[in-house]
1. Looking at 12, 61, 28, 72, can you tell me which residue is within 19 Å of residue 108 (Cα to Cα), of a type outside the set (Val, Ile, Thr) and outside any loop (DSSP other than H, G, I, E, B)?
2. When the residues of the range 70-97 are filtered to those that are in contact (Cβ under 8 Å) with a residue 24 or more places away in the chain and polar (S, T, N, Q), which remaining residue is surrounded by the most Cβ atoms within 10 Å (Cβ to Cβ)?
3. Can you tell me which residue among 101, 107, 142 is at pLDDT below 95 and hydrophobic (A, V, I, L, M, F, W, C)?
4. Of the numbered conditions (1) touching a Lys or Arg at 6+ places or on another chain (Cβ under 7 Å); (2) buried (at least 18 other Cβ atoms within 10 Å of the Cβ), residue 117 fails exactly one; give the number of that condition.
5. Of all residues in the range 22-32, which are modelled with pLDDT of 95 or more and in contact with a Ser or Thr (Cβ under 7 Å, 6 or more places away or on another chain)?
6. Any idea how many residues of the range 18-45 are farther than 23 Å from residue 87 by Cβ and crowded, with 21+ Cβ neighbours inside 10 Å?
7. Given (1) within 19 Å of residue 16 (Cβ to Cβ); (2) assigned to a helix (DSSP H, G or I); (3) among the charged types (D, E, K, R), identify the lone condition not met by residue 92.
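The values are calculated or read from the model by the stated rules, or taken from the named source; none is laboratory data. Source: prediction; values computed, not measured. Backbone-built Cβ (ideal geometry, glycine too); neighbour counts: all protein chains shown.
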Amino acid sequence: MKLDYNNIGVGALAINSVLSISNELSIAKATLILPFVTHTECLNYLARATTTTISIEKLIAEKTSYFSNFNARYYDSLCLSFSSIQYLTEMDYIQHKEDLLLKIKSLEYSARMGSRAKRIFQAANNISRLLSENDIKLFLNLRVEL
């Protein structure tokens with residue numbers, strides 16, 4: 001039996017860890033976080049200390065296999081993304097203002113959270129850097145069908 005570790009806790013942790021770096025994020029960009037962290041190989045790559053992402057185009061060109069099913073992962077995680085955003089809002093970790101999510105406070109990493117949570121925190125810098133690009137450009141490059 002395969003366990004599914006993609007739950008609201010992981011979603012909230014991932015979104016909040018990226019927001020802790022960027023301080024604000026459009027809702028559209030926040031929905032792109034989970035497809036990155038739910039793909040084990042992509043998460044492991046982005047969490048490495050030696051990985052520095054320059055642009056989404058370069059990452060896609062170098063790691064094409066990580067993005068072959070990004071659109072499916074996006075839609076599979078969309079409900080979880082919104083549930084995680086709602087949870088973070090209700091718990092006063094983030095604030096919603098127009099189409100932006102603003103950081104109020106950060107979730108702190110603890111070793112008790114496990115190795116997957118550690119990788120998510122480690123990948124947050126690279127994910128934040130990737131999401132600094134224009135929303136439309138990101139969705140086009142990631143081939144998300146709207």
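1. On the way: 61 fails: within 19 Å of residue 108 (Cα to Cα); 28 fails: within 19 Å of residue 108 (Cα to Cα); 72 fails: within 19 Å of residue 108 (Cα to Cα).
None of the others qualify; the one that does is 12.
2. Across the range 70-97, the extreme among qualifying residues is 84.
3. Details: 101 fails: at pLDDT below 95; 142 fails: at pLDDT below 95.
So the residue among 101, 107, 142 that is at pLDDT below 95 and hydrophobic (A, V, I, L, M, F, W, C) is 107.
4. (1)
5. Result: 30, 31.
6. Residues of the range 18-45 farther than 23 Å from residue 87 by Cβ: 40-42, 44-45.
When the remaining residues are screened for being crowded, with 21+ Cβ neighbours inside 10 Å, the result is 42.
Here the count works out to 1.
7. The failed condition is (2).
Results for (1) in contact (Cβ under 8 Å) with a residue 60 or more places away in the chain; (2) of a type outside the set (S, T, N, Q); (3) part of a helix (DSSP H, G or I), shown as yes or no for each residue.
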{"residue": "107", "(1), (2), (3)": "yes, yes, no"}
{"residue": "120", "(1), (2), (3)": "yes, yes, yes"}
{"residue": "125", "(1), (2), (3)": "yes, no, yes"}
{"residue": "132", "(1), (2), (3)": "yes, no, no"}
{"residue": "137", "(1), (2), (3)": "yes, yes, yes"}
{"residue": "146", "(1), (2), (3)": "no, yes, no"}
